[in-house]
Amino acid sequence: MNDGSPMITGKRILVTGVTGWVAGPLATSLVGNGNEVFGAARFRDPSSRQPLESAGVQTVSVDLGHGHYDEVPSDLDLVLHFAVAKADNFDHAFAVNADGSADLMEIAAARSDRFQAFFHCSSTAVYAPQGREPRTETDLLGDSHRPMPGMPTYSISKIAAEVLVRYQAKRLGVPTVIARLNVPYGDTYGWPLFHLMMMERDIPVPVHVDQPTSYTPIHADDIAASIPYLLTLASTPATIVNWGGDEITSVEEWCGHLGDLTGLTATLAPTEATIPAIVPDLTKLHGTGFRSSVGWRDGFRRMVETSRPDLLKS
Ligand SMILES: NC(=O)c1ccc[n+]([C@@H]2O[C@H](COP(=O)([O-])OP(=O)(O)OC[C@H]3O[C@@H](n4cnc5c(N)ncnc54)[C@H](OP(=O)(O)O)[C@@H]3O)[C@@H](O)[C@H]2O)c1
């Protein structure tokens, strides 16, 4: 039952990155309420379409890196763009994350007379780290993810994506919001779940030498609930807004909590070769009226109960 919070109803919506962590549960949550929900990815594993189709999401094949947009539906109201390439070379990262975002905006808007808004999922990875000082949307950008193994292009290509999306918003007159997401997690996914698996295997969990390694995790329920609020910020020129949960915690603290829930112990490994703390200032998000409702302790318990009930202490 709806508690009076705003909802998306009666829209044709394309959600990209739908085989990924964040967009899959989000797309599924939009099904119903008169919405027609399309989910885009490359679907190189065809079996990944089935759970989405069963949940009412119509899957369409799109390849942002190779200009394959034939299946982008016409007459869309909204695009919620979450697809991302976490690539080890800049050519591919720029092609998918930057050029692909710009192409998608242009094609979706050109195929619809009723196009209302483009939602671009960015990341607080675009900020230059500054300890635990909350970062506002106008703070300096930087390459926070370069030290993280496997993420050498991430921050810079997400910045490049923002630049092209902003440019397209202006050029095409498409109302756009760019939301810089902090640490997403849900009952079935997320960085903290990854940490739990490391704890299970006695693999040391990297934390930054400048401890605590603080973030503002946001649960999938709140990710879904915040979208209608965030869409109120869609504008031309584009609006940029930080996106996270209300509570600040840290990798150190959440591994301790995961230990309390399971009896496992995390070995913390302070290093420069990981992502430093990034705490977003959420004033602008809260100005939309949105406040997160799932506290991280409850959310992490739900995550363990759903994904690894076998590890819970009785
Ligand atoms: N995960 C985090 O902790 C985090 C934190 C902050 C912000 N974000 C942002 O949140 C969004 C979702 O991240 P995520 O971690 O959920 O992503 P993910 O799990 O890595 O999934 C990436 C998605 O993008 C699709 N994709 C990759 N290359 C593509 C291409 N060339 N053409 C079309 N689709 C392509 C993938 O599908 P196929 O491989 O099937 O094509 C997949 O559905 C991203 O914008 C990310 O930057 C994530």
Just one listed residue, out of 118, 94, 90, is surrounded by fewer than 19 Cβ atoms within 10 Å (Cβ to Cβ), more than 8 Å from the ligand (Cβ to nearest atom) and within 17 Å of residue 163 (Cβ to Cβ), and it is 90
Screening 128, 102, 110 for residues that are more than 10 Å from the ligand (Cβ to nearest atom), in contact with a Gly (Cβ under 6 Å, 6 or more places away or on another chain) and either without any contact (Cβ under 8 Å) to a residue 60 or more places away in the chain or within 19 Å of residue 234 (Cβ to Cβ) (or both) leaves only 128
Among (1) closer than 20 Å to residue 222 by Cα; (2) touching a helix residue (DSSP H, G or I) at 6+ places or on another chain (Cβ under 9 Å), residue 73 falls short only on (1)
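A quick yes/no check of all residues on (1) surrounded by fewer than 17 Cβ atoms within 10 Å (Cβ to Cβ); (2) in contact with a His (Cβ under 7 Å, 6 or more places away or on another chain); (3) modelled with pLDDT under 95; (4) under 20 Å from residue 162 (Cβ atoms):
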position	(1), (2), (3), (4)
200	yes, no, no, no
230	no, no, no, yes
234	no, no, no, yes
272	yes, no, no, no
290	no, no, no, no
296	no, no, no, no
Taking the range 74-87 and keeping residues touching a Ser or Thr at 6+ places or on another chain (Cβ under 6 Å), among the aliphatic types (A, V, I, L, M) and away from the ligand (no atom under 11 Å from the Cβ) leaves 76
Within the range 121-142, restricting to residues that are buried (at least 23 other Cβ atoms within 10 Å of the Cβ) and among the polar types (S, T, N, Q), the one that is farthest from residue 210 (Cα to Cα) is 122
Say whether the condition of being acidic (Asp, Glu), within 13 Å of the ligand (Cβ to nearest atom) and surrounded by fewer than 23 Cβ atoms within 10 Å (Cβ to Cβ) is met by at least one residue in the range 28-44.
no
### Task
Tell me, yes or no, whether the range 271-280 has at least one residue that is away from the ligand (no atom under 16 Å from the Cβ) and farther than 27 Å from residue 146 by Cα.
no
Filter the range 54-73 for residues that are more than 10 Å from the ligand (Cβ to nearest atom) and surrounded by fewer than 12 Cβ atoms within 10 Å (Cβ to Cβ); the one that is nearest to the chain's Cα centre (by Cα) is 54
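The values are calculated or read from the model by the stated rules, or taken from the named source; none is laboratory data. Predicted, not measured: the structure shown is a model, and the values here were computed from it. Positions of Cβ are backbone-derived with ideal geometry, glycine not excepted, and every protein chain shown enters the neighbour counts.
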